[in-house]
1. List the residue pairs whose Cβ atoms are under 6 Å apart, where the first residue sits in the range 112-134 and is aromatic (Phe, Trp, Tyr), the second is assigned to a loop (DSSP other than H, G, I, E, B) and at pLDDT 95 or above, and the two are 6 or more positions apart or on different chains.
2. Are any residues in the range 174-194 surrounded by fewer than 19 Cβ atoms within 10 Å (Cβ to Cβ) and either touching a His at 6+ places or on another chain (Cβ under 9 Å) or closer than 21 Å to Ser306 by Cβ (or both), and if so, which ones?
3. Starting from residues that are free of Cβ contacts under 8 Å to residues at least 60 places away in the same chain and part of a helix (DSSP H, G or I), keep the ones in the range 8-44 and report whichever is nearest to the chain's Cα centre (by Cα).
4. Just to check your reading of the model, which residue among Glu121, Glu88, Glu83, Glu136 is farther than 30 Å from Pro171 by Cβ and modelled with pLDDT of 90 or more?
5. Test each condition in (1) among the charged types (D, E, K, R); (2) buried (at least 21 other Cβ atoms within 10 Å of the Cβ); (3) in a helix (DSSP H, G or I) for Arg161 and report the one that comes out false.
6. Residue check, Arg227 against (1) open to solvent by 30 Å² or more (accessible area, probe 1.4 Å); (2) closer than 30 Å to Gly319 by Cβ; (3) modelled with pLDDT of 95 or more; (4) assigned to a loop (DSSP other than H, G, I, E, B), all met but one. Which one?
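The values are calculated or read from the model by the stated rules, or taken from the named source; none is laboratory data. Here the structure is a predicted model, which is why all the values come from computation and not from measurement. Note that each Cβ is placed from the backbone with ideal geometry, even for glycine, and that neighbours are counted across all protein chains shown. Accessible surface areas use protein heavy atoms only, side chains included; no ligands, DNA or RNA. Shrake-Rupley method; radii C 1.70, N 1.55, O 1.52, S 1.80 Å.
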Amino acid sequence: MILLPGGTGFVGRHLVDQLISEGHSIRVLSRAPGGHSFPAGVECVRGNLTEPGSLLAALHGVRTVVHLAAVVPGGGKPASSLEEINAEGTAALARAARAAGVSRFVHVSSAGVYGDGSTAEPPTESTPPSPGTRYERSKLAGERALEEALEGGGVRWTVLRPTGVYGAGRPATAAFFREVSRRRVWLHGPARVIVHPLYVMDLVRVIGRALDHSGLDREILNVGGDRPLEYRELIALIGARAGRAPVQLSAPRWTGALATGAARLWRVAGAPPEALARLSRAIVNRSVDTGKLRRILGFEPVTLESGVEETVAELRRAGTL
């Protein structure tokens, strides 16, 4: 039996379908199990990461946990819930899994724990984390709490650090693709921004391979898509597939110098706002090195072009593009 906290979310629903098709027994953890529909054979039980008692009950008979549950910024929840769910909730789930005799724990974290890279070199798993936002710090705290809770026990664990996940069923993806196809002009800041899109089904396949790999234990794996590219290149690619691409312009270089000066002044009183800090940089790198993932799991993602084309096609079928 596999327990899926977060199985009702965007990635979770794709993972449920994939695991069911492979013959796995699935139990989804939800705070409101009656409000969701799943394929036949999927059990949905009540549980909350802030209620340890509910976790022990949900873990009865479970051998594997795939932890997808998380709070993200802008979801309508108070900022305090980032630490409460992403860090403390992960620790509670890990402790409950150990007490219940679970043998395998796959934790889906975030490549955001590296923060904004300031060079074109992508971080590897040995790169020291440098989270820049409260969300990123909460995800790193969750990783460390997981390791601490499972230290010295019999639970084999794996931490996955995915980059920006996209797909037609994600509202943020639909909104971004619509904006690209409808906006006439796109103004970029002075920084060179590198992104690393990850198609949702690639993340699902990586999770499946991690579950099938019997020797995987105490490993952290970066998970990225086909290739990193500059943000303006991604916009052009999406626009070409969606039917219209905006004209892209860049802010003059002197605006970056102005932002740098403003950021220095702001630091006298505290940390500058994230947007201002980014404007003051020459480069913002959100990519990761996926060499370890490819070496250990033999994983090759779909091409970026294929993932974007499939996403465009799904959005059009749904009438949202």
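1. The qualifying pairs are Tyr114/Pro123; Tyr114/Pro129.
2. Within the range 174-194, Phe176, Arg178, Ser181 meet the criteria.
3. Per the stated criteria, the residue is Gly12.
4. Answer to the check: Glu121.
5. Against the list (1) among the charged types (D, E, K, R); (2) buried (at least 21 other Cβ atoms within 10 Å of the Cβ); (3) in a helix (DSSP H, G or I), Arg161 comes up short only on (3).
6. (2)
For (1) under 24 Å from Ala58 (Cβ atoms); (2) among the hydrophobic types (A, V, I, L, M, F, W, C), each residue gets a yes or a no:
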residue	(1), (2)
Thr90	yes, no
His107	yes, no
Ala111	no, yes
Val159	yes, yes
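Okay, residues lined up against (1) assigned to a helix (DSSP H, G or I); (2) more than 20 Å from the chain's Cα centre (by Cα):
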| position | (1), (2) |
| --- | --- |
| Val65 | no, no |
| Ala70 | no, no |
| Ser81 | yes, no |
| Glu84 | yes, no |
| Thr90 | yes, no |
| Leu93 | yes, no |
| Ala97 | yes, yes |
| Phe105 | no, no |
